[in-house]
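The values are calculated or read from the model by the stated rules, or taken from the named source; none is laboratory data. Note that the structure is predicted; figures quoted are calculated from it, not measured. Cβ: placed from backbone, ideal geometry, glycine included. Neighbour counts: every protein chain shown. Accessible surface areas use protein heavy atoms only, side chains included; no ligands, DNA or RNA. Shrake-Rupley method; radii C 1.70, N 1.55, O 1.52, S 1.80 Å.
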Amino acid sequence: MAHDSEDTMESVLQQLTRGNVLLLIIILGFSGSFQQGYQTTGLSSPSPFIQRFINSSWYERYGEPPPTQTITMIWSLIVSLYAVGGLCGAMSVKFITGTLGRKKAMIFSSCTNIIAATIMLTSKVAKSYEMIILARIVYGFTSGLTSSTHLMYLGEISPRRLRGVVTLTYSTFLSLGKLSGQLFGLSEILGREELWNILLSVPTVFSVVQIIVLPFLPEAPRYLFIEKGDDKACKKALQSLWGQGDYKEEMEEMLAEQEAIKRAPPKTPLQLMRDRTVRWQLIIILIIYFCNQLSGMSAISIFSFDIFLKAGIQKDQIRYVTLGLGLTEILTFISCGMVIERAGRRVLFWSGYGLMAACWVFATVTLTLKDSSDWVPFITSALIFLLIIFFSGGPSGLTVALTNEIFIQSDRIAAFVLTMMERWFFIAFVGLVFPFIIVSTSNTKSNTLLIDLLTK
């Protein structure tokens with residue numbers, strides 16, 4: 001492999017196509033972050049159908065329609081308990097990946113994903129919204145486990161000079177999953193009332209593919225060398241992934257890290273929090289995840305239907321607008337991959353957060369003035385599109401690589417557990433609270449429309 005730090009996109013592509021690494025990246029992507037992205041946006045389009053299903057199921061059981069507040073509460077649980085499952089998955093990462101390894105942990109997560117899909121598919125026949133909640137918890141557990149395992153796997157199969165580009169594929173597949181959730185949610189495809197349970201089970205196809213294909217692909221070389229101490233298997237994995245070569249430099253780097261680990265054994269999350277030597281790294285990464293989760297992007301992804309409805313966009317146009325959001329996000333991530341190594345992390349972080357803050361200020365103004373003119377809702381929509389661009393092209397695209405870069409192997413799993421626990425906590429918080437914010441801030445016209453959606 002070339003050792004020029006200014007790798008062009010052409011040379012990067014050449015290196016990615018020498019061995020099986022590109023196939024592994026694709027398999028990991030579709031069975032990893034793609035699943036999480038799909039489950040995040042896939043719930044937005046069928047939300048009125050699911051809420052009507054809750055309404056009808058309740059009526060069949062109790063002979064009377066449920067109060068609107070009850071529907072909102074059950075819907076909030078369906079949204080937020082997905083993140084609670086994600087939190088449990090994130091907390092189990094250290095045990096599962098340490099016991100099974102990266103590859104078997106990904107296969108295990110695909111098995112749990114198939115169980116979740118089975119529960120979701122049968123919930124409609126059983127007329128049970130409790131089964132939807134259970135399926136969402138299991139989906140969440142899978143996403144929480146794979147989000148960290150996927151990132152670790154990517155970081156441990158890539159050489160240092162390509163790590164930023166390779167780990168960026170996590171965010172690219174996350175965006176592709178969001179786009180697919182929005183695409184399949186169109187009424188012309190699966191976005192119809194009789195198909196909502198199938199819509200929420202589509203990504204399971206990729207879980208089945210991973211279970212079949214992944215056993216034939218190599219384990220993460222860094223895991224084999226540093227944690228298992230198997231240098232022959234490590235070299236074989238490197239050659240399988242990146243083509244023939246001696247990989248002396250890469251293995252010397254792993255050896256140096258292995259020696260560092262012997263001096264500082266792997267830590268638990270609690271031990272990492274107490275370690276003064278990594279305190280600033282931990283503070284930096286936790287603040288970045290905090291800013292990302294409360295930047296509004298989670299709310300836009302999960303509740304895009306309600307947000308655009310509140311902004312004044314016509315109901316029959318919202319699904320196409322959200323599809324545009326997903327397309328914008330994935331194109332921005334691809335563009336970010338071309339400049340991430342040249343522009344520098346700090347510039348992209350600061351510019352991304354600054355421009356997002358400006359967009360939110362203007363969006364607050366346009367939401368307040370939405371009834372003053374017919375064109376104001378389109379200004380609000382344009383600002384949300386800009387938010388997606390600034391977030392995807394800066395903070396979101398960079399965060400995924402940062403944990404791999406600023407923590408050594410012995411601290412990395414504990415750091416992933418802490419950051420993902422924080423991430424899933426705030427997703428749960430947003431999912432539980434935001435539906436009530438929408439209801440409480442809606443005017444009479446919006447309330448009437450929401451009630452019509454539930455009883456139509």
Under Stokes-Einstein, the range 1-151 at 4 °C and 1.567 mPa s, with its Kirkwood radius over C-alpha pairs, diffuses with a coefficient in µm²/s of 74
Computed over the chain: longest principal axis from alpha-carbon atoms vs helix 345-368 long axis, angle to nearest 10 degrees, is 0
I300 neighbourhood, Cβ < 13 Å, K/R = +1, D/E = -1, net charge 0
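Report, please, the projected area of the chain averaged over directions, based on the convex hull of its C-alpha atoms, in nm².
Values: hull surface 86.2 nm².
Mean shadow area of the hull around the Cα atoms is 21.6 nm².
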For the range 18-217, the dipole about the Cα centre with charges only on Cβ (Lys and Arg +1, Asp and Glu -1), to the nearest 20 debye, works out at 840
At 10 °C in a medium of viscosity 1.306 mPa s, the range 267-438 has a Stokes-Einstein diffusion coefficient, with Rh taken as the Kirkwood radius over alpha carbon pairs, in µm² per second, of 91
Scalar couplings 3J(HN,Hα) for the range 172-182 by Karplus 6.51 cos²θ - 1.76 cosθ + 1.60 (θ = phi - 60°), nearest whole Hz, x for Gly and Pro, are 5, 6, 4, 5, 5, x, 4, 4, 5, x, 6
Regression test value, accessible area per residue of the range 18-217, probe 1.4 Å, units Å², expected 33
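Are any of the pairs K104/K228; K103/K232; K94/K267; K103/K178 more than 21 Å apart by Cα-Cα distance, and if so, which? If you can, show how the numbers build up before the last one.
Details: K104/K228 15 Å; K103/K232 18 Å; K94/K267 10 Å; K103/K178 24 Å.
Violating the 21 Å limit, Cα to Cα: K103/K178.
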Computed for the chain: size of charge dipole around the Cα centre, +1 on C-beta of each Lys and Arg, -1 on C-beta of each Asp and Glu, debye to nearest 20, value 660
Rounded to whole angstrom, the alpha-carbon centroid of the range 375-432 lies from that of the range 259-321 at a distance of 4
In whole percent, the fraction of accessible protein surface over the chain that belongs to carbon or sulfur atoms, probe radius 1.4 Å, stands at 68
